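Since every read-out is calculated from the coordinates, none of them should be taken as a lab result. Bear in mind that the values here come from a model prediction, so they are computed numbers and not experimental data. Cβ atoms come from the backbone with ideal geometry, glycine included; neighbour counts cover every protein chain shown.
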Amino acid sequence: MTKTQKQNLDNVVRYTLLTIWLLIVLFPLFWMVATSFKPDKDWLAWPPVYWSEEPTMSNYNNVWGGAMEHTETQYAQSIQKPFTALKNSTIISFISTFLSVSFGAFIAYGVSRYKVLSETRMFQLLMLRMVPPIVLVGPLSLYYTTIGLIDSLTGLIAIYFITTLPYAVWMTKSFIDEVPIELEQAAEIMGANRWTIITEVVFPVIRSGLLATFLFILILTWSEYLVAFILSKTDAVTLPVELAKYEGSSEGRVYGRQAALSVGITIPLIIVGITIRKHLARGFSFGMIRK
Amino acid sequence: MARSEIMLQRTKRYKKMVLFPLIASIMLILGPALILQLYLSFNYYSIYSEGWWASEWYALDIFKDVMTDERFHVAIIRSLGFALASTIGCFVIGFGLALLMYKNFRLQWFYYIIFIIPMLTVPIVIAYTAEMILYQKGPLNGILSSIVGRDMLIMWITNPDIALFTVVLMEIWNWAPFSFIIMMAGLASLPKEPVEAAQILGASRIKIFFEIQLPLLRPIIVLALVLRFLEAMAEFPKTWAIFQGGPGTSTETIPVLIYLNTWYYFDWSKAAAMSYIVMLMMVVIILTAINILQKENKRIAQVQAN
């Protein structure tokens, strides 16, 4: 074989394998979107219906248009409150992420410049993230019930703040480490105090990093299921928990509605994730991978 | 006062200030929950009691009960097996894709964007979507049947021998992107000179891979494996939403078993004792993992500095 032939063969193999995985990745997403436009008879048809011949918006209308006005579509249940869940998810994830990144950034600055946490302590901080939440949510729900934080936005914000802090500290530290110390020294000579140096020199330099950290943690918080599932009942229900409510007692799961809601939950997240794709490896590796 | 002394004081003050929210929230939120967990493991709490404070002292009986519970032992082994299998699956696929893709080629950006989508998808959404796809008369079997040319009606969900494997497949779909992006970054940061030198000397591609690239990548590989394994130990939404531990007890991993004991059997004390043991076990595993990461982190920094 000549070199070009070999290269061509390489390319064929490469594109074939990559395309197979591409199809595996896209198929479930396609199925979710397709189901959201299917009338109920097509949800579990055999042979499978890949794209309905009578596409319908009724699933979306039922979820987002208010179940009451669409009682002609069955499975309308008054316990479903997608708008409350949307509002809760937005408030909880934005506030807890904001708190996590801002406090995390100040801790990270301290670690990077003054070693306020030793290397060992920094690694111990990871425990907050790595211990499986299931071991503590039971007692936590009893404790929350006792102090009145159960089923409240505050309770969820607090726990998300704690569990995402390791990511916030590690990720922002990886950005702060890259800021040349000379910048700060120059500001110090000009008489800036530490607060000014941090907020007006360091943070502006790493603002794209801070934004990436914010969006990364937002993705994690928005998708979280277990803690929200256990610490919420009716008032503080988030979108992932709301999904489970599209289930009739006799009909089983209401797949079309679930798919319609799923599309709404997932698409914004995918868009956010793709915009920060260059920082995802840094985020998921706690800033240990920096490229 | 000397300048250095002032600096030292300032540093101390800063330290106190920034660590306060962290320590306060740990003490106010996690602390009481931890104490309550320990309390419940020694005092029998049932939903018929007036409240958790009115539980009955059982000394070590609850722990003994849990330690001899075979279902608990099996769940621990199942969880470890699940985490191991899905970690390896994610890594093999993620690394494989990264090896196919790390050299620049047309459409690289396109494949990269598509390949990261699964890890951006909400896990519970994956579970509900997968359930539709995995029904015995669902699209996956439909597609397999048309590829094979005869009816393939695999019981992905209802066969107890397959169910856990199905969860592993979902986990791999969900998290192969994690290994993929980390290994892409790792391969991109490898120094080019050793590979080029070996090529000039006539080394084969396989030899270059095993003797040059793989050793250089080792710290990053360890990182990808360790982090994924720890996350897989905590997996709950996908296992729970479709299977609730079933069929039978075939998908009863640690998180599912603790959940069942607490909210289905209302055996809070047993669940608390289990949680306590699992927590100790995880702390040991995590400390080992952290130890490994701390060592490898220095090497990763070296590789990245190139």
Hey, quick one: spin label on A:ILE267, modelled 7 Å out along Cα-Cβ, who in segment B:113-144 has an amide N within reach, i.e. under 18 Å? B:114, B:117-118, B:120-122, B:125-126, B:129
Pairs of Cα atoms under 8 Å, at least six residues apart: use those to get the relative contact order of chain B, whole percent. 27 percent
Can you list the HN-Hα couplings for segment B:111-116, worked out from phi with the Karplus curve (6.51, -1.76, 1.60; θ = phi - 60°), rounded to whole Hz and with x for Gly and Pro? 4, 4, 4, 5, 5, 8
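Just need the relative contact order of segment A:82-284 here, percent rounded to a whole number, with Cα pairs under 8 Å and 6+ apart. Mind showing how you got there, number by number?
Numbers: 189 pairs, mean separation 65.9, N = 203.
Reported as a whole number, the value is 32 percent.
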Acute angle (nearest 10 degrees) that the helix A:153-176 long axis makes with the longest principal axis of chain A, alpha-carbon atoms: 50 degrees
Hydrodynamic calc, segment B:49-186: Kirkwood Rh from Cα pairs, then Stokes-Einstein at 4 °C with viscosity 1.567 mPa s, so D in µm² s⁻¹ is 70 µm²/s
Estimated inter-spin distance, B:GLU50 and B:GLN302, nm [label 7 Å along Cα→Cβ]: 6.4 nm
To check my understanding: the extent here is largest minus smallest coordinate of the Cα atoms along each principal axis. What are those three numbers for segment A:133-291, in Å, largest first? 72, 38, 23
Need the list of lysines near B:LYS137 for cross-linking: C-alpha distance under 22 angstrom, and skip anything on the same chain fewer than eight residues off. A:LYS38, A:LYS41, B:LYS238
Could you work out how much longer the chain between A:LEU211 and A:ALA186 gets when fully extended? Use 0.36 nm per residue separation minus the Cα distance between them, nm to one decimal. 6.5 nm
Could you give the spread of the C-alpha atoms of the protein assembly as shown along their three principal axes, from largest to smallest, in whole angstroms? 81, 77, 52
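Can you give the percent of C-alpha pairs in segment A:193-243 whose distance is more than 13 Å?
On the way: 849 of 1275 pairs.
In whole percent, the long-distance tail amounts to 67.
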Length released on extending from B:GLN199 to B:ILE113, taking residue separation times 0.36 nm less the Cα-Cα span: 27.8 nm
Which of the lysines could be linked to B:LYS192 by a straight reach, that is with a Cα gap under 24 Å, when you skip same-chain ones fewer than 8 residues away? A:LYS3, A:LYS6, A:LYS278, A:LYS291, B:LYS103, B:LYS207, B:LYS298
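Cβ neighbours within 10 Å, averaged per peptide: list B:53-60, B:254-261 in order, most packed at the top. Write down the numbers at each step before the final one.
Working: B:53-60: 11.6, B:254-261: 24.1.
My ranking of the peptides, most packed first, is B:254-261, B:53-60.
Mind checking Rg over Rh on segment B:172-306, alpha carbons, Kirkwood formula for Rh?
Details: Rg = 20.9 Å, Rh = 18.0 Å.
My calculation puts Rg/Rh at 1.16.
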Amide hydrogen neighbours beyond the local backbone of B:ASN43, cut-off 5 Å, H modeled: B:TYR58
The lysines whose Cα lies under 22 Å from the Cα of B:LYS12, excluding any fewer than 8 residues away in the same chain, are A:LYS115, A:LYS173
Could you tell me the calculated FRET efficiency between A:TRP195 and A:GLN5, based on Cβ-Cβ distance and R0 = 51 angstrom, to the nearest 0.05? 0.20
Semi-axis lengths, Å, segment B:125-248, gyration tensor of Cα atoms, sqrt of 5 times eigenvalues: 39, 20, 11
Once amide H atoms are placed 1.01 Å from N in the peptide plane, what residues at a sequence separation of 5 or more from A:GLU247, or on another chain, have their amide H within under 5 Å of its amide H? A:VAL254
Candidates A:TYR255, A:TYR114, A:TYR246: whichever shows maximal mean-square fluctuation once chain A is modelled as a Gaussian network with Cα springs under 10 Å: A:TYR114
Relative to the longest principal axis of chain A, what angle (0 to 90°, nearest 10) does the C-alpha long axis of helix A:82-114 take? 20 degrees
Highest GNM mean-square fluctuation among B:PHE91, B:PHE209, B:PHE165, for chain B with Cα springs under 10 Å, belongs to B:PHE209
Karplus-derived HN-Hα couplings along segment B:124-135 (A = 6.51, B = -1.76, C = 1.60, θ = phi - 60°), whole Hz, x at Gly and Pro: 5, 5, 4, 4, 5, 5, 4, 4, 4, 6, 8, 3
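Rounded to the nearest 0.05, what FRET efficiency do A:GLN124 and B:TRP57 give with R0 = 41 Å and r taken as the Cβ-Cβ distance? Could you check?
On the way: r = 33 Å, r/R0 = 0.81.
Efficiency for this residue pair is about 0.80.
May I ask for the percentage of alpha-carbon pairs in segment B:189-234 that lie more than 15 Å from each other?
Numbers: 542 of 1035 pairs.
Tail of P(r) above 15 Å: 52 percent of Cα pairs.
Looking at chain A, I'd like the Rg to Rh ratio, where Rg is from alpha-carbon atoms and Rh is Kirkwood's inverse mean 1/r.
Numbers: Rg = 23.9 Å, Rh = 22.3 Å.
Value, to two decimals: 1.07.
Which of rounded, prolate, oblate describes segment B:26-126, given a ≥ b ≥ c as roots of the alpha-carbon gyration tensor eigenvalues and a/c under 1.5 marking rounded, otherwise prolate only if a/b is larger than b/c? Walk me through the intermediate numbers first.
Working: a/c = 4.11, a/b = 2.52, b/c = 1.63.
Note, shape of segment B:26-126 comes out prolate.
Give the shape of segment B:20-59 as rounded, prolate or oblate, defined through the alpha-carbon gyration tensor: a ≥ b ≥ c are the square roots of its eigenvalues, a/c under 1.5 means rounded, and otherwise the shape is prolate if a/b is larger than b/c and oblate if not.
On the way: a/c = 4.90, a/b = 2.58, b/c = 1.90.
Verdict is prolate for segment B:20-59.
Given a cut-off of 18 Å, what percent of all Cα-Cα pairs of segment A:98-222 lie beyond it? It would help to have the intermediate numbers written out before the result.
Details: 4483 of 7750 pairs.
Counting every Cα pair in segment A:98-222, those more than 18 Å apart make up 58 percent.
With a 10 Å radius around each residue's Cβ, average the other Cβ atoms per peptide and rank B:143-156, B:19-32, highest first. Kindly include the intermediate steps, with their values, before the conclusion.
Working: B:143-156: 12.9, B:19-32: 15.1.
In descending order of packing, they fall as B:19-32, B:143-156.
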Magnitude of the Cβ-charge dipole of the protein assembly as shown, K/R +1 and D/E -1, about the Cα centre, nearest 20 debye? 2220 debye
Over the Cα atoms of segment B:60-305, what radius of gyration and what Dmax do you get, in Å? 21.3, 70
Peptide B:223-235, shielding by other chains (average Cβ, 10 Å cutoff): 3
To the nearest Å, what is the center-to-center distance of segment B:22-99 and segment A:95-162, using C-alpha atoms only? 18 Å
